[in-house]
Amino acid sequence: MKHLRIALFFTTMALTTTYTHAQGCTQCRDNTAGTPPATQRAYRHAIILLTATATGIFASALFLIRRNQ
């Protein structure tokens, strides 16, 4: 029963998320727009790498918390 409630909770949270926009900082956008295309590509790759790293840390923390319970 507990697993069913947890699954229902996460399913509800996944289905009720709202669409969000980026922060839209005009200074960051203007600075990025003024850089060469190679630098813009490097920024995009860096964002992906940072996201992957943060996801890995989060997943590892969840694994460790779950393992220690």
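Of all the residues in the range 33-60, those that are in contact with a helix residue (DSSP H, G or I) (Cβ under 7 Å, 6 or more places away or on another chain) and among the polar types (S, T, N, Q) number 1.
Within the range 40-62, residues that are closer than 21 Å to residue 30 by Cα have Cβ atoms under 8 Å from residues that are of a type in the set (Ser, Thr, Tyr) and assigned to a helix (DSSP H, G or I) in these pairs: 40/32; 43/32, counting only partners at least 6 apart in sequence or on another chain.
Any read-out appearing in this document is the output of simple, stated calculations on the displayed coordinates, not a laboratory observation. Source: prediction; values computed, not measured. Reconstructed Cβ throughout: ideal geometry from the backbone, glycine too, with neighbour counts over all protein chains shown.
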